[in-house]
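Written out below as structure tokens is the structure these notes cover.
The values are calculated or read from the model by the stated rules, or taken from the named source; none is laboratory data. No experiment lies behind these values; they were computed from the predicted model shown. When we count neighbours, we look across all protein chains shown, and the Cβ atoms used for this are built from the backbone with ideal geometry, even at glycine.
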Amino acid sequence: MNPIAADLKSADMDTPRKPKVRIATTSLAGCFGCHMSFLDIDERLVALLELVEFDRSPLTDIKVCGPCEIGIIEGGVCNAENVHVLRTFREQCTTLVAIGACAINGGLPAQRNHLPLATLLQEVYTTRPGLAHGGIPNDPELPLPLHKVHPLHEVVKVDYFIPGCPPSAEVIWTFLSDLLAGRAPASDRRTIHFD
Amino acid sequence: MSDSCFSLDGASIAFAAGQTILQAAMDAGHYIPHLCFHPELKPHGSCKVCSVRVDGNMMASCTTPARQGMKVESATTEVDDQRRAVVQMLFVEGNHFCPSCEQSGRCKLQATAYELQMTSPHFDHFFPDRAVDASHPDFLLDFNRCILCSLCVRASRDVDQKAVFGLAGRGIGTRLIVNSESGRLGDSDFAATDKAAQVCPVGAILRKRQGFNVPIGQRTYDVAPIRESDRGGPEKR
Amino acid sequence: MINSLTELEQFRQGILSKKDPDGIRVSVCAGAGCLASGAGKIIAALNEEIEKQGMQDRVLVKGTGCPGFCERGPIVVIDPDEICYLQVKPKDVAAIVSKTLKEKKLIDRLLYAGPGKDEKTVREADIPFYKNQERNIIGNNIKIDPKCIDDYLALDGYSALAKVLFQMAPEQVVDEVKKSNLRGRGGGGFPTGIKWDAARNAPGDTKYVIVNADEGDPGAFMDRAVLEGNPHSILEGLIIGAYAIGAHEGYVYVRQEYPLALENVGIAIRQAEEYGLLGSNILGSGFDFKVKVHRGAGAFVCGEETALLLSLEGKPGEPRARPPFPATRGLWGKPTNINNVETWANIPLIVNNGADWFNQFGTGKSKGTKIFSLVGKIKNTGLVEVPMGVTLRDIVYKIGDGIPGGKKFKAVQTGGPAGGCIPEEHLDIAVDYDELAKVGAIMGSGGMIVMDEDTCMVDVARYFINFLAQESCGKCSPCREGLKQMQRILTNITEGNGKEGDIELLEELAMSTGSASLCALGRTAPNPVLSTIRYFRHEYEAHIREKRCPSYSCEKLVSYYIDPQACTACLLCLKNCATDAISGSRGQIHVIDQAKCTRCRSCYDVCPPHYGAVLRFSGESVPEPIPVERRTLVEKSKAI
């Protein structure tokens, strides 16, 4: 067994029948790449699941985040729904973690920030060739886009940041191990990467 | 020749007359984070990342002359917090989206951020929109990434004797400008052999047609952290 | 040309003997403030009227320097009786000449009235504003026509210069200044004698002395008043300094926005040259010294000495790292001594009266007097010169006469834009370099801005950070980026977009900017932020959490509403609304259209207090407007 997982297990055994830590994850304006990287912890997922249970997450299909110890969010904030989800996470989660470039600095979606939103919508929905029914969508079901894409910390208080595009499975695993074992997650300068 | 010493985080550093704290530290193989300093150019003392506490006062180590017996603190939490704040402010002022930048892995701003264990930009982003200048056949200027360190200004003026670059404006409006009739790099006598073409610490002056010649993950600061590759001796690129 | 000490004294006696001992002298303040309110016309009218009355042989009219009581300008002082007339208008001139000058009668309405209104004060020195000051430097302003060197000579001018040139070795001069404990009046507070010593001992034959007259603090005009009002005192100090240090060339760096100061300093230099007080072989002593005026373009940062030097050299005014200090590497790489206007003006006094005399004013480490420009929400706006160590309360209440309009005092900001805001609880601190620092403020160059209950302290911090962000040269990153960050956060807070954590972020930014910046601009810039957070944190919290401005000052957080019960439909607010946001008519209760309202506050200010119909709301929503059908006013008084 991975030494960290062993560490986690022993930590768990010290306090038998400790309720599982609830974790929620979501992707706002992101690509789910960080979630994919998270899944790359592979068989350690099994060890992890002994300690945690998932609330809202692509793994559970729960739609609304309930009270959780940890919330992990990838992706920046690009529309009104993102703001709503982010605020709910902040309210429900004791510890909020921003994961990946987009959650931390807006990332690729934020590269639209130097263009006016109207120009952008115009370009995408009316002037591009091959649009069957051109026109900017205005279905009330669709969340309204924000003028700019913002990283999470510009909207709510964020407790931890895991940079990387995406951060590696190792980095994510080390971070979670630390957090679950009650240690302050240390950012090792050798593992911090922005790309 | 060096018979004088000062203390850097408790270590005794010998220095020659006229040397600054940073020069003496680097000669002795000690790393002090820095961005606007280049061993071959006159120090500018503007980025303030090399700030150290000298007998209680924060001073830029690149411009402060070494003095016999001075007590210099560099690797302290307090000093590193200051440095990180400066680096974070530089990140949010420009467009430093590393995954799309060709300089990633070779960028001193990025490597210094790693060194200072910066995990987030902390402040609100400015999201600037400055037109890039692709007019030069061999180089691209992306002003959105310029951190105003003035290394290219000094290299071009003092080494290349060309004065291709300058800093104009003031306050937060300070901008890198090109000294040509049109203001474009293509209309200046900037050349690939210029010292100014080699000193940009970030991805503001980028050589064209070199994209991904070294894969991400195998670049200078991917292989060794900046404290190991940048602590003195000839500059590595 | 005056060629010796004896000739100087003979010349001085000549000037004094020409004075009519029984003559009347009418001094009219011709400082920039009084000139703007008509002093020029008063002088012309006085001359005309005096001639009409045939009194020109007995009365001398002078346009003089500013005595400091700007609130009550234009000021006219009539000697030998020291009668002080305030707020004089050209139409008062006829009465002044016929009554006071001719019949020796006082004009009551022009005299200073105390709080009782019945008690009038005649003599300038008895007016409380002046009585509580110690006017070593600006006291002479009202006695001198700054365009006339003879006036300065008549008051013993250039006797200190003569003393050093003929009786003192340069080292002795430096020693005397050291002993005086004079500290730089520009803001730094560095001991002047030590600075001089360093420049004197620096190797090199060519050295420079410079007057830093780049006064740029908003609301500060101490240096301007001395430059305009008594330029020779500065020149004399400068020549003495040049002699002490061994400099033969000097510069007066004055900002372009001070046209009268530039004019008067220029005239003073020409006159001093003509008299042999400047140039080659000054007073026949063998000492050579020449001065040039350099006009600054108005960048605040050029008040920083290394930036000023680069600006003088014709380069962009950006500070550089010290050491090397200008004392060893200054203008064009030569040893240079830079002092502020007020520092230089102290020098002749110290030389003439001795260091011991100077040391009798002030406190432990802060000696002498300091000029402050007292502005803001204060009854007596003006320049005040007080000994170091006087309390803020004395300045605000005894000299400044308190807050106008019956409002409550909230804070006083000292030290210019990078100073700190001091609350009521610290009003009893002694004003000196060290005590001000203890409460998070600075002496600075002497700006003193008084704020009342209507002032929002978050907005004050925003205003000063905004100023500093605009004036930052942009060279070093902590100042360039840090100020912009603080400006953004403060703007957000005052506009109701503040968020939890902003106060902590501001504190953090203040720390980084304050300790890592290259020059004093950035290093002191956090003061307004930190001091307002320290003393007025609750105001920040109200803005952030409740979107409420407790002072009803932040436009975006305040709404106005007309109370239908109190409105008398008098049309006053309606007529004064610049954006036609108020509807109604005579007999129809007035209603504000919130969408059109720009929160200019005019309606609130014009609604007579006994109606008090315009209400302010902050942090809560405005009641719905009264329905149209209920807007017709029921005239209660007639119904009875």
On the given criteria, is C:ARG631 under 28 Å from C:LYS410 (Cβ atoms) and surrounded by 12 or more Cβ atoms within 10 Å (Cβ to Cβ)? no
Quick check on this structure: which one of A:LEU176, A:LEU146 is crowded, with 21+ Cβ neighbours inside 10 Å and not in a loop (DSSP other than H, G, I, E, B)? A:LEU176
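Give segment C:288-319 a look and list any residue that's in a loop (DSSP other than H, G, I, E, B), within 22 Å of B:ALA168 (Cα to Cα) and in contact (Cβ under 8 Å) with a residue 40 or more places away in the chain, or say none. Spell out the reasoning first.
Taking segment C:288-319 and keeping what is in a loop (DSSP other than H, G, I, E, B), we get C:288, C:297-299, C:304, C:313-319.
Within this subset, residues satisfying the condition of being within 22 Å of B:ALA168 (Cα to Cα) are C:297-299, C:304, C:313-319.
The answer is C:ALA297, C:GLY298, C:ALA299, C:GLU304, C:PRO316, C:GLY317, C:GLU318, C:PRO319.
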Can you name the condition, by its number, that C:PRO417 falls short on among (1) within 14 Å of another protein chain (Cβ to nearest Cβ); (2) more than 24 Å from B:GLU93 (Cα to Cα); (3) assigned to a loop (DSSP other than H, G, I, E, B); (4) not hydroxyl-bearing (Ser, Thr, Tyr)? (3)
Find the helices (runs of 4 or more DSSP H) located wholly in segment A:70-125 whose residues include 3 or more that are within 12 Å of chain B (Cβ to nearest Cβ) and either in contact (Cβ under 8 Å) with a residue 60 or more places away in the chain or among the aromatic types (Phe, Trp, Tyr) (or both), and list them. A:101-105
Taking C:ASN212 as the residue in question, decide whether it is out of contact with any Leu (no Cβ under 9 Å at 6 or more places or on another chain), within 25 Å of C:GLY368 (Cα to Cα) and touching a residue at least 12 places away in the same chain (Cβ under 8 Å). no
Write out, first by first residue and then by second, each pair whose Cβ atoms fall under 9 Å of each other, whose residues are 6+ apart or on separate chains, and whose first residue, in segment C:395-414, is farther than 23 Å from C:ALA437 by Cα while the second is of a type in the set (D, E, K, R) and assigned to a strand (DSSP E or B). C:ILE403/C:LYS410; C:ILE403/C:ASP452; C:PRO404/C:ASP452; C:GLY405/C:ASP452; C:LYS407/C:ASP452; C:LYS408/C:ASP452
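Which of the helices (runs of 4 or more DSSP H) found entirely inside segment C:477-556 contain at least 1 residues meeting this: over 27 Å from C:LEU309 (Cβ atoms), out of contact with any Gly (no Cβ under 6 Å at 6 or more places or on another chain) and among the hydrophobic types (A, V, I, L, M, F, W, C)?
The qualifying helices (runs of 4 or more DSSP H) are C:477-494, C:502-516, C:527-545.
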Counting only strands (runs of 3 or more DSSP E) wholly inside segment C:47-152, the ones holding at least 2 residues that are in contact with a helix residue (DSSP H, G or I) (Cβ under 8 Å, 6 or more places away or on another chain) and closer than 21 Å to C:LEU227 by Cα are C:59-64, C:76-79
Which pairs have Cβ atoms under 9 Å, sit 6 or more apart or on different chains, and link a residue in segment B:126-148 that is within 14 Å of chain A (Cβ to nearest Cβ) and free of Cβ contacts under 8 Å to residues at least 40 places away in the same chain to one that is aliphatic (A, V, I, L, M) and part of a strand (DSSP E or B)? B:PHE127/A:VAL149; B:VAL132/B:LEU140; B:VAL132/B:LEU141
Go through segment C:264-278 and report how many residues are among the β-branched types (Val, Ile, Thr) and surrounded by fewer than 20 Cβ atoms within 10 Å (Cβ to Cβ). 1
Go through segment C:84-93 and report how many residues are surrounded by fewer than 22 Cβ atoms within 10 Å (Cβ to Cβ) and either under 18 Å from C:PRO128 (Cα atoms) or charged (D, E, K, R) (or both). 5
Only one of (1) at pLDDT below 95; (2) surrounded by 15 or more Cβ atoms within 10 Å (Cβ to Cβ); (3) in a loop (DSSP other than H, G, I, E, B) is not met by B:ASP222, so which one is it? (3)
Based on this model, can you work out whether B:VAL72 counts as in contact with a strand residue (DSSP E or B) (Cβ under 7 Å, 6 or more places away or on another chain) and within 13 Å of chain C (Cβ to nearest Cβ)? no
Which ranges mark the strands (runs of 3 or more DSSP E) fully within segment C:568-637 that have 1 or more residues being out of contact with any Asp or Glu (no Cβ under 6 Å at 6 or more places or on another chain) and without any contact (Cβ under 8 Å) to a residue 12 or more places away in the chain? C:582-585
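Per-residue answers, yes or no, for (1) under 30 Å from A:ALA103 (Cβ atoms); (2) surrounded by fewer than 18 Cβ atoms within 10 Å (Cβ to Cβ):
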residue: B:ILE21; (1), (2): no, no
residue: B:MET59; (1), (2): no, no
residue: B:CYS62; (1), (2): no, no
residue: B:PRO65; (1), (2): no, yes
residue: B:THR76; (1), (2): no, yes
residue: B:ARG84; (1), (2): yes, no
residue: B:MET89; (1), (2): yes, no
residue: B:SER100; (1), (2): yes, yes
residue: B:SER104; (1), (2): yes, no
Among the numbered conditions (1) more than 9 Å from every other protein chain (Cβ to nearest Cβ); (2) under 19 Å from the mean Cα position of the chain (by Cα); (3) buried (at least 17 other Cβ atoms within 10 Å of the Cβ); (4) under 16 Å from B:SER188 (Cβ atoms), tell me where B:LEU151 comes up short. (4)
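From the list C:ALA160, C:ALA94, which residue is at pLDDT below 95 and farther than 23 Å from C:ASP20 by Cβ? Write out each step before concluding.
On the way: C:ALA160 fails: at pLDDT below 95.
Exactly one residue qualifies, and that residue is C:ALA94.
Taking the condition away from chain C (no Cβ under 13 Å) and within 16 Å of the chain's Cα centre (by Cα), does B:ALA111 pass?
yes
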Would you be able to tell me the number of residues in segment B:140-153 that are under 17 Å from B:THR193 (Cβ atoms) and basic (Lys, Arg)? 0
